Amino acid sequence: MVIRGMPVNPEVVRKNIEESKNGVRIRFYVKPNSNRTALVVEEDELVFYTDEPPVAGRANASLIRFIARSLGISTSKIRIVRGQRDRLKVVEVEDVNPDFVVEKLASVAEPW
């Protein structure tokens, strides 16, 4: 049973992260046209809710801005490497280590 307001288990976040040559890659499922912008852990997936529509890259840009703010890095260090036009995305973040990303994303994510 998950209680809202409880911290997210970092190991659930870690399951969606893998090291890459340049940094880390993170898997997200994106739900555009939502009534809020938030990162939520549903089952074992990272689900990004955004109020932006999936038009002209606006939902993608919202995801990139959210990651940049959460990690405290520049948006220029983040790019979508797979799923540009799909809801399932793989995002690469340059020059960061996996433990840092897990800690930061677990601290901003909400349990389902």
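The values are calculated or read from the model by the stated rules, or taken from the named source; none is laboratory data. All figures in this text were calculated on a predicted structure; none of them were measured in a lab. Here the Cβ positions follow ideal geometry from the backbone for every residue, glycine too, while neighbour counts run over all protein chains shown.
Points to keep in mind about this one:
- Test: THR75 is polar (S, T, N, Q), out of contact with any strand residue (DSSP E or B) (no Cβ under 9 Å at 6 or more places or on another chain), surrounded by 12 or more Cβ atoms within 10 Å (Cβ to Cβ) and at pLDDT 95 or above: yes
- Conditions (1) touching a residue at least 60 places away in the same chain (Cβ under 8 Å); (2) closer than 17 Å to GLU103 by Cβ; (3) within 15 Å of the chain's Cα centre (by Cα): number failed by ILE73: (1)
- Residues in the stretch 31-53 that are surrounded by 19 or more Cβ atoms within 10 Å (Cβ to Cβ) and in contact with a Ser or Thr (Cβ under 7 Å, 6 or more places away or on another chain): 3 in all.
- Scanning the stretch 25-73 for residues that are farther than 20 Å from ARG14 by Cβ and of a type in the set (Asp, Glu) gives ASP51, GLU52.
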